[in-house]
1. In this structure, does Gln70 turn out to be over 22 Å from the mean Cα position of the chain (by Cα), polar (S, T, N, Q) and within 24 Å of Leu39 (Cα to Cα)?
2. For region 16-55, name all the residues that are touching a helix residue (DSSP H, G or I) at 6+ places or on another chain (Cβ under 6 Å) and on the phi > 0 side of the Ramachandran plot.
3. Among (1) without any contact (Cβ under 8 Å) to a residue 24 or more places away in the chain; (2) surrounded by fewer than 16 Cβ atoms within 10 Å (Cβ to Cβ), which single condition is Pro56 missing?
4. Any idea which residue in region 121-146 is modelled with the lowest pLDDT, counting only those that are surrounded by fewer than 16 Cβ atoms within 10 Å (Cβ to Cβ) and outside any helix (DSSP H, G or I)?
5. Can you find a residue that is under 15 Å from the mean Cα position of the chain (by Cα) and modelled with pLDDT of 70 or more anywhere in region 277-297?
6. Among (1) modelled with pLDDT of 85 or more; (2) over 30 Å from Arg261 (Cβ atoms); (3) open to solvent by less than 50 Å² (accessible area, probe 1.4 Å), there is one condition Leu221 misses while meeting the rest; what is its number?
7. Among the listed residues Leu78, Leu73, Leu61, identify the single one that is in contact with a Lys or Arg (Cβ under 6 Å, 6 or more places away or on another chain) and aliphatic (A, V, I, L, M).
8. Just to be sure before I move on: is Arg46 in contact (Cβ under 8 Å) with a residue 24 or more places away in the chain and within 29 Å of the chain's Cα centre (by Cα) in the structure I sent?
Amino acid sequence: MKFLAGTPHVPFLRFKGLCFALSALLMLGSLVSLATQGLNFGIDFRGGILMEVRTPQPANLSEMRSTLGQLGLGEVSLQEFGAETDVLIRIQQQDGGEAGQQAAIEAVRGALGDDVNYRRVEFVGPKVGAELIQDGILAVLIALGAILMYIWFRFEWQFGVGGVLTLIHDVLITIGLFSVLQLEFNLSTVAAILTIAGYSINDTVVVYDRIRENLRKYKKLDISALCDLSLNDTLARTLLTSGTTILALVALFSFGGPVVRDFSGALIFGILIGTYSSIFIATPVLTYMNLRRDSDNASEDAGKATTAG
């Protein structure tokens, strides 16, 4: 089964100047938003109250959310886990120190009634939230560094630099989206960002592998033309992989409920950005890095290469 009839001939690198300008604008906008209004950190990072409860009947999350929302406790999030009767309640940190947190806990107990079994009640302090922020940043940096080393070892240093620049582009723009729209940034968002990084680099490595193969095959073909040829060779795979993944995420975003909506929304945006960057950023960057051709393989003349492309 073929998704595209024959090999397309799209001149992707003809638009590299426009794409570089667009990406620079998006990255600048992300940095400005992060500097001016920052991120809307969730309870995981800001601190707050964590309650694990078990209801006598399958939990009605919408009804519970409405009941707790009337208590005036600020941000309250509910998540069903395990059995249908188990609910995780997160409440933002209250004013008044320990007394304020205890008052909020008693208010929740009174609103939910005596039939609910409170299996765990914890208070996440701001110090723990600060540590989670540091650990989240460290996790992203370690992932980027490990990817750089892998691509450097697997290909050449030019490919490693191009791959990491692309990942920084994808991660920064995705985080910028959360800053601009003031979406809640929590541990699930960090997981989404790491997933986006892995997805993006996977697509980029497929294109890079074809570029390396064509560098050995076509000795006289201009680098820009060779990159265009490689992108067109892998275009069907890129579109199919991204398209099917986004279809699944759209279903999750539409029917998964509020608990996973921000997570799935971040993944949808990140995959779109990652697909765009692997075509219009990661590959054009290589044209400025003096790629080395392998002289040990038989060469093809430029006319044959152009015909094959």
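1. no
2. Gly47 - this is the single residue of region 16-55 that is touching a helix residue (DSSP H, G or I) at 6+ places or on another chain (Cβ under 6 Å) and on the phi > 0 side of the Ramachandran plot.
3. (1)
4. Ranking the qualifying residues of region 121-146, first place goes to Gly125.
5. yes
6. All conditions are met except number (1).
7. Exactly one residue qualifies, and that residue is Leu78.
8. Against the criterion (in contact (Cβ under 8 Å) with a residue 24 or more places away in the chain and within 29 Å of the chain's Cα centre (by Cα)), Arg46 qualifies.
The values are calculated or read from the model by the stated rules, or taken from the named source; none is laboratory data. As the structure is a prediction and not an experimental result, all values here were calculated from the model. Glycine also receives a Cβ, built like all others from the backbone with ideal geometry; neighbour counts cover every protein chain displayed. Accessible surface areas use protein heavy atoms only, side chains included; no ligands, DNA or RNA. Shrake-Rupley method; radii C 1.70, N 1.55, O 1.52, S 1.80 Å.
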